[in-house]
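Worksheet for the structure shown next.
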Amino acid sequence: MVALGIVMPLIVSVESFRIYPTLVMAIRQQEKIYIIVAALKLVALNSIRCFPHYLGAFFLGESITLEQNGKPVGWSRAVIVCTVIPMVYLMIGWYSGIHYDFGGPAVLLIVLLIMLEKADFSLVNLSKKALMIIMLVAAFQFLDVMPSLAGFPFGRGESSSDIKLMSNFLQADGILQSAALLFFAILLSEGIMLWKLVMDENNIRALNEIKEQNEHMLNEKRMRMLESRTYTELQYLVHDLKTPLTSVQALVGVVKLGCRDDRRQDYEYLSKIESSVERMSTMISEILNENQYTTTTTEHVLSVLLAQISIAEYAPMVMTSNEAPKLVVTVNEIRFVRALVNLLENSFCAVDKTNGIIQLEISCVKQQKKNLRAFYCHRQRWRNFTRHTECNLGKGL
């Protein structure tokens, strides 16, 4: 927009708006209305010429913020506006030879832009802000054609001076002053109304964003409360499950003490029951703490897995191969085995139900370390292996 403002004098000119032929017509026909028409043409020309660089300076000031010690510098936007607009005037005079009078309207518009930069319009679209700037720029351009401001730094350009000279010659100062003042008041009031509407819209959008953030925080708080309540209920459930298991374990121990040498087989059965109860108690404890890991072997993990899927429909289709049965792994056994079960179930959905085979292979390539930390499932996300170990688990054929 600033670049467009610099080249705008090459696009529109006094000749293209036919301002001087209108003034000649006013002298020939002695009609005051032509003075008003010429003034309106000049205001339109000046507004079109200066609107791009004023709007560009406003957007630059709005989008660029200097910071000092992590805090925005309040006067940075004012510096940008006060630098860009005079620079545009100088560049236009340098390359085109057209003298842009840096007078009262320019100073007032710069002050107005600085005031607008103090407000926050970041949530409003560009078209509404552009329309607001257009109204304000056009309003202040009417100050250049007011005869009553001739003694002040207003309307010192060549075309503005000629219009006021012709107005004085035709004794049309009163009508020109009234018309310019009327249009100035209308456009300025419309610009102020647009500014108020833009401010209200921006505030409403800001409040909506704050409301959405509060709702998001409230939802997160509710989720945390729900998770906390679920975790508490899970603790109670684990406690309720472990209580009868402890009783069973104690009773099995008492029964084992009564087994004599002639009941050796019963003693072995009771030992297996005791081992199963202890393993179930450990599994329940691991459910409660997802970050709890146990050190075991791949052979044990595979046996637990096969025990869990023994009654599944796809169990006869599963072929296992364990090349490292004694290899030590550190995993959350419950979640890791559950992940393997999910893999097998997904493989069963993909293979032919008649002749399909689900092959589960456990292999390890050692480099420097002897132990393997297998990947595990944490909140439905896979974690990777250690850098020196590869482990291939689960392949559907």
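The values are calculated or read from the model by the stated rules, or taken from the named source; none is laboratory data. Note that the coordinates shown come from a computational prediction; the quantities given were computed from them, not determined experimentally. Here Cβ is always computed from backbone atoms with ideal geometry, including for glycine, and neighbour counts include all displayed protein chains. The accessibility values were calculated without ligands, DNA or RNA, using every heavy atom of the protein model including side chains. Shrake-Rupley method; radii C 1.70, N 1.55, O 1.52, S 1.80 Å.
What to note about this one:
Per-residue answers, yes or no, for (1) over 49 Å from the mean Cα position of the chain (by Cα); (2) more than 17 Å from Ile134 (Cα to Cα):
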site: Phe154; (1), (2): no, yes
site: Glu158; (1), (2): yes, yes
site: Lys164; (1), (2): yes, yes
site: Leu170; (1), (2): yes, yes
site: Leu181; (1), (2): no, yes
site: Glu190; (1), (2): no, no
site: Met193; (1), (2): no, no
site: Leu197; (1), (2): no, no
site: Glu201; (1), (2): no, yes
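- Filter result (charged (D, E, K, R) and in contact (Cβ under 8 Å) with a residue 24 or more places away in the chain) within the range 187-218: Glu190, Glu201, Arg205, Glu209
- Hits in the range 108-122 (condition: closer than 24 Å to Leu143 by Cβ and surrounded by 14 or more Cβ atoms within 10 Å (Cβ to Cβ)): Leu108, Leu109, Ile110, Leu112, Leu113, Ile114, Leu116, Glu117
- Once the range 123-151 is narrowed to residues that are outside any helix (DSSP H, G or I) and open to solvent by less than 20 Å² (accessible area, probe 1.4 Å), the residue that is farthest from Leu188 (Cα to Cα) is Val124.
Quick grid of which residues meet (1) at pLDDT below 85; (2) of a type in the set (D, E, K, R):
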| site | (1), (2) |
| --- | --- |
| Ile36 | no, no |
| Ala39 | no, no |
| Arg49 | no, yes |
| Glu62 | yes, yes |
| Thr83 | yes, no |
| Pro86 | yes, no |
| Trp94 | yes, no |
| Asp101 | yes, yes |
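- Some residue of the range 320-333 being charged (D, E, K, R), open to solvent by 50 Å² or more (accessible area, probe 1.4 Å) and under 26 Å from Leu245 (Cβ atoms): no
- Hey, Gln68 more than 30 Å from the chain's Cα centre (by Cα) and modelled with pLDDT under 90 or not: no
- In the range 2-39, the residue that is farthest from Ile98 (Cα to Cα) out of those that are within 46 Å of the chain's Cα centre (by Cα) and surrounded by 17 or more Cβ atoms within 10 Å (Cβ to Cβ) is Val2.
- Only one of Lys164, Lys221 that is open to solvent by less than 40 Å² (accessible area, probe 1.4 Å), in a helix (DSSP H, G or I) and free of Cβ contacts under 8 Å to residues at least 40 places away in the same chain: Lys164
- Total residues in the range 87-99, condition free of Cβ contacts under 8 Å to residues at least 40 places away in the same chain and crowded, with 18+ Cβ neighbours inside 10 Å: 1
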